[in-house]
Amino acid sequence: MTNLTIAGAALADGSRTDLHIADGRLVAEAPSGAERIDADGLVALPGLVDLHTHLREPGREDTETVESGSRAAARGGFTCVHAMANTQPVTDTAEKAEHVLDLGRAAGLVQVVPVGAITKGLAGTELAELGLMHDSRAGVNVFSDDGVCVMDAGIMRRAFEWVSRFGGLLAQHAQDSNLAGPGACCHEGELSGRLGLPGWPPVAESVIIARDVQLAEATGSRLHVCHVSTSEGVEVIRWAKARGIAVTAEVTPHHLLLTTSELAGYDTTYKVNPPLRTDEHVESLRAALADGTIDTVGTDHAPHAAHDKDHAFVDARPGMLGLEQALAVVMETMAERLDWAGIADRMSIAPARIGGVAGQGRPLAVGEPANLVLVDPERRTTVDRAASASRSRNNPYHGRSLPDPVELTLFRGRITHRR
Ligand SMILES: NC(=O)N[C@@H](CC(=O)O)C(=O)O
Ligand SMILES: [Zn+2]
Ligand SMILES: [Zn+2]
């Protein structure tokens, strides 16, 4: 563990300070023998927290491991990621959740928080061991069948009832599979017709959100909506929040920046679920993230092998990388609407609160764990998909000019990334 002094960093509120770090915590005075890091012109934010990361271990270690995904997270300024349950096998028992926890601890680069499946094998028919996963060493708080939607409202209701006993959270992949079937891969509209790709209409998202917020209300339980992609979805969440329903939501970096026009060349890098939408939807998502209707940015970092992407558009795997450029994309798309305090809230404080993760999303104050990211607000780069810690190369920002902010990431006082 390093003793450090980060000198002259600006905090999210604009004030400037020296941050002293010893034994993994922020301390009041410069520790003896501390390395001094000059942070003049840099901004220190609490370490970023992702509620939605796909690490592919166990099962597809060729595309990502807990270690490689953790390294990508650290490079992106993250100190905590929630590992989605759609691995092979699925994280649907206490033992499997503990295994993911242990892999995360062994890597030691970020706090890896296992997400438990809602249903066994993500099959949508039988509840997984929700209580046992919660009571395990993994202490699972967040449950999701992400990758597929829990279509059966009766199962969803029983899952809400279960997790309400311990304040757990259900994170839903909102996609009515009767309205947007497994083949649906393009925003339904003029372009899907022209490209001849099966359409995925916005209403397939909003009907599930409408159903689930009412189930959350009826059961007194908490809902989190994964990767909101439509104006209609935003409107339902706005209505539910105004009514006092315990719902939170996330938007991905790619849905904040990219649009359906990327699909014109049939490049499967841009195939993702839910699909990229139009400018009007992107504008609604940005406005909702700014006004807090959408609480947080979830990366939906979804690594895939080239041979799983190298197919006709309809047959390619959906998903794109997100951890390393998440902060850059938020800076690029939200510059006029979120100040540093707003970014710290949406990318650290809010997701830590929603996931119930202790020691993350905390103010950079004496006594707190030293989880932080040092950011250069000015630097830019042209993104190169080869320059990634991920084992996969499905980076949708390849060749684009974007901010390149992350100078240094500290996880519990340890340097996990340094430019
Ligand atoms: N977003 C995606 O297109 N893919 C995700 C699954 C998911 O988030 O639904 C994946 O696991 O690859
Ligand atoms: Zn999903
Ligand atoms: Zn996902």
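Computed from the coordinates by the stated procedures, all read-outs in this text should not be read as laboratory data. Remember, predicted model here, so these are calculated numbers, not experimental data. Here Cβ is always computed from backbone atoms with ideal geometry, including for glycine, and neighbour counts include all displayed protein chains.
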Within the stretch 154-197, restricting to residues that are of a type in the set (Asp, Glu) and within 30 Å of Gly265 (Cβ to Cβ), the one that is farthest from ligand 1 (Cβ to nearest atom) is Glu190
Pairs where the first residue, in the stretch 319-330, is surrounded by fewer than 24 Cβ atoms within 10 Å (Cβ to Cβ) and the second is of a type in the set (Lys, Arg), C-beta under 7 Å, 6+ apart
none
Kindly list, by first and then second residue, each pair from a residue in the stretch 206-226 that is over 16 Å from Gly168 (Cβ atoms) to a residue that is of a type in the set (Ser, Thr, Tyr), limited to pairs with Cβ atoms under 8 Å and residues at least 6 apart or on different chains.
Ser206/Thr230
Can you find, within the stretch 125-154, the residue that is farthest from ligand 2 (Cβ to nearest atom) among those that are of a type outside the set (Ser, Thr, Tyr) and in contact with an Asp or Glu (Cβ under 6 Å, 6 or more places away or on another chain)?
Arg137
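Quick check on my filter: what residues within the stretch 272-291 are within 16 Å of ligand 2 (Cβ to nearest atom) and polar (S, T, N, Q)? If you could, list the steps in order and put the result at the bottom.
So in the stretch 272-291, the residues within 16 Å of ligand 2 (Cβ to nearest atom) come out as 272-277, 285.
Asn273 - this is the single residue of the stretch 272-291 that is within 16 Å of ligand 2 (Cβ to nearest atom) and polar (S, T, N, Q).
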On the given criteria, is Ala210 of a type in the set (Gly, Ala, Ser) and out of contact with any helix residue (DSSP H, G or I) (no Cβ under 6 Å at 6 or more places or on another chain)?
no
Complete set of residues in the stretch 299-313 that are touching a Cys at 6+ places or on another chain (Cβ under 8 Å) and within 16 Å of ligand 2 (Cβ to nearest atom):
Asp300
Given the structure, is Val236 out of contact with any Lys or Arg (no Cβ under 8 Å at 6 or more places or on another chain) and more than 15 Å from ligand 2 (Cβ to nearest atom)?
yes
Looking at the stretch 268-286 only, could you name the residues that are of a type in the set (D, E, K, R) and closer than 16 Å to Leu191 by Cα?
Lys271, Arg277, Asp279, Glu280
Kindly list, by first and then second residue, each pair from a residue in the stretch 136-155 that is over 13 Å from Met84 (Cα atoms) to a residue that is outside any helix (DSSP H, G or I) and acidic (Asp, Glu), limited to pairs with Cβ atoms under 9 Å and residues at least 6 apart or on different chains.
Ser136/Glu129; Cys149/Asp176; Met151/Asp176; Ile155/Glu126
Which numbered condition Ile208 misses (of (1) part of a loop (DSSP other than H, G, I, E, B); (2) within 15 Å of ligand 1 (Cβ to nearest atom))
(1)
So which residues in the stretch 211-233 are part of a loop (DSSP other than H, G, I, E, B) and within 16 Å of ligand 3 (Cβ to nearest atom), if there are any at all?
Cys226, His227, Val228, Ser229
Can you name the residue in the stretch 30-62 that is touching a Gly at 6+ places or on another chain (Cβ under 9 Å) and acidic (Asp, Glu) and, of all such residues, is nearest to ligand 3 (Cβ to nearest atom)?
Asp50
Would you be able to tell me the number of residues in the stretch 120-146 that are within 16 Å of ligand 3 (Cβ to nearest atom) and β-branched (Val, Ile, Thr)?
1
Boolean, Ala305 is surrounded by 14 or more Cβ atoms within 10 Å (Cβ to Cβ), more than 16 Å from ligand 3 (Cβ to nearest atom) and within 24 Å of Leu197 (Cα to Cα)
yes
When only residues in the stretch 40-83 that are among the β-branched types (Val, Ile, Thr) and more than 12 Å from ligand 1 (Cβ to nearest atom) count, which is farthest from Ala97 (Cα to Cα)?
Val43
Looking only at residues that are under 21 Å from the mean Cα position of the chain (by Cα) and more than 15 Å from ligand 1 (Cβ to nearest atom) in the stretch 247-273, which one is nearest to Arg317 (Cα to Cα)?
Thr259
